[in-house]
């Protein structure tokens, strides 16, 4: 499992997060965990749902953008949050993501709610490989 | 954010509360950047504001200047508090100049009730409102819309709601654009946006969105005549303020078109300094499609605030055992602060059609204009500025100077000085709620951590923002409003 940390002093009204992974798969999985942590306390979310997600994008960074955007979309359409993901990124342009996600429907009686993300922004959006790890910076509109 | 060259130092004072950065400060700037701020507010602005307001000055077709209001702070693409106008025929439209929460806005509702009458039932009132107006992540609204009905909402906005009993006919006259902006095109909205937003009509959202019960404290009225025209009688009166937008529907429209514009820029040979400033010529197929979808989202936001108003009236009727009309629950005004609109303004003596982007900035049309409601025309269009949930909000009116200098635009809030993460580190949500209760402000929130993020210390001093607006004459203060109850997502 990679690491993520929420940043101070960046786009004050929104949420900036740095995500790191040992591999691209790891980074995408960690990104899902970071996004879920932003929305709820995962310990209070009943894990009852599994879902397969397949995405394709012409560029690698757009695949990450689409991945996080898809998870935000599912939060609004189905009221579901997915802290756990198994991701496989393949291709050399276009790129493809095959992900299996596990999570559940927000239970408003018991789930500790966090923020309600609106969208992934392009501001300072980056994905690159450096010092042996994949790294991404994402600013999420809250 | 550390600047490689200090754009902050390049800001020259050109008037008491007006600062200008010349086009020579950054390669590609087509016009100057102008920041409206007192010395104190300028000092509090993060470096991101200076970077972003000058980035906007580089966009094709920008007219006169890139503007930033006194509550400006670092956003994405445009700064929050950013205003820019582009020639409709030769300029661009940019989703980053509007924000994902299309037509996020404010609505103020008056009552005949006094704080003395409300205070004994305040806990019940706040609890009932919290139950009746869903808030927070994952919330769904009570209006069930078929796809065909949702398309009607996109075009008819608040009028659709009034026609179905969610409001009073006279509400519409007190909403910007009568609650339905022209140009909405549901055919330009994706199925995903429809799916995402169809169940959310009547929901508040989270973040800085809120429903607040407020009162007028002695000495809070700055303009007694304008206050009377707006239905503010005097100290002790209770009002209701609402801050929310187009919810997931607007957010998805923004997401869809940001990607479309990211690609379209290659087609049109446009380069921008921040990818979030992705844009396309307004008259291009992409520009027109986005304008149609964005306006559809804006109208849905008016409908959202209208439906919530209906719910508020029902709660007041239940709690106070009187009809809402008897309680005087009339809409004072409803105004957007995240939009792009086609407007005609005078430039160098000629009336031009402009695409005016306001991102975290409020329309503030001055007295006499046809877009100001008949009953407010002599005083100017009401401007509602939300402050923090601890310190209060302000009602102002637009001015002739705003029309002449800022395309009839003004501030929208007090502006953050601290990130959400920093605020949560300083205080626990529950602790803050207890402290506020001791000060007479009852808070109910779907997310306790969200309360901490919105603590008063995370925001600039609203009175400094309002005083700056008075000094530069972009808006005229009418009354300051003090919170006594707040519902948050």
**Message:** Given the options B:264, B:293, B:289, name the one that is crowded, with 24+ Cβ neighbours inside 10 Å and touching a helix residue (DSSP H, G or I) at 6+ places or on another chain (Cβ under 6 Å).
**Reply:** B:293
**Asked** Somewhere in segment B:173-183, is a residue at pLDDT 95 or above, within 30 Å of residue B:269 (Cβ to Cβ) and out of contact with any strand residue (DSSP E or B) (no Cβ under 6 Å at 6 or more places or on another chain)?
**Response** yes
**Item:** Considering residues of segment B:410-427 that are under 20 Å from residue B:241 (Cα atoms) and away from chain A (no Cβ under 13 Å) only, the residue nearest to the chain's Cα centre (by Cα)
**Value:** B:411
**Failed condition for residue B:430, given (1) surrounded by fewer than 24 Cβ atoms within 10 Å (Cβ to Cβ); (2) away from chain A (no Cβ under 14 Å); (3) under 28 Å from residue B:202 (Cβ atoms)** = (2)
**Item:** The lone exception for residue B:16 - which of (1) touching a residue at least 60 places away in the same chain (Cβ under 8 Å); (2) touching a helix residue (DSSP H, G or I) at 6+ places or on another chain (Cβ under 7 Å); (3) surrounded by 15 or more Cβ atoms within 10 Å (Cβ to Cβ) it fails
**Value:** (3)
**Prompt:** Which of the residues spanning segment A:75-93 are without any contact (Cβ under 8 Å) to a residue 12 or more places away in the chain, farther than 24 Å from residue B:451 by Cβ and either buried (at least 23 other Cβ atoms within 10 Å of the Cβ) or touching a helix residue (DSSP H, G or I) at 6+ places or on another chain (Cβ under 6 Å) (or both)?
**Reply:** A:77
**Prompt:** Of the residues that sit in segment B:187-224 and are at the interface with chain A (Cβ under 9 Å from one of its Cβ atoms) and at positive phi, which one is surrounded by the fewest Cβ atoms within 10 Å (Cβ to Cβ)?
**Reply:** B:207
**helices (runs of 4 or more DSSP H) fully within segment B:1-57 counting 2 or more residues that are within 22 Å of the chain's Cα centre (by Cα)** = B:39-44, B:47-56
**Of residues in segment B:71-100 being touching a helix residue (DSSP H, G or I) at 6+ places or on another chain (Cβ under 6 Å) and assigned to a loop (DSSP other than H, G, I, E, B), the one farthest from the other protein chains (Cβ to nearest Cβ)** = B:94
**segment A:6-37: number of residues that are modelled with pLDDT of 95 or more, surrounded by fewer than 20 Cβ atoms within 10 Å (Cβ to Cβ) and within 14 Å of chain B (Cβ to nearest Cβ)** = 2
**Message:** For the condition surrounded by fewer than 24 Cβ atoms within 10 Å (Cβ to Cβ), within 11 Å of chain B (Cβ to nearest Cβ) and either in contact with a strand residue (DSSP E or B) (Cβ under 8 Å, 6 or more places away or on another chain) or modelled with pLDDT under 95 (or both), what is the one hit in A:96, A:135, A:108?
**Reply:** A:108
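The values are calculated or read from the model by the stated rules, or taken from the named source; none is laboratory data. This one's a predicted model, so the numbers in the text were calculated from it and none came from an experiment. Virtual Cβ from ideal backbone geometry, glycine too; neighbours counted across all protein chains shown.
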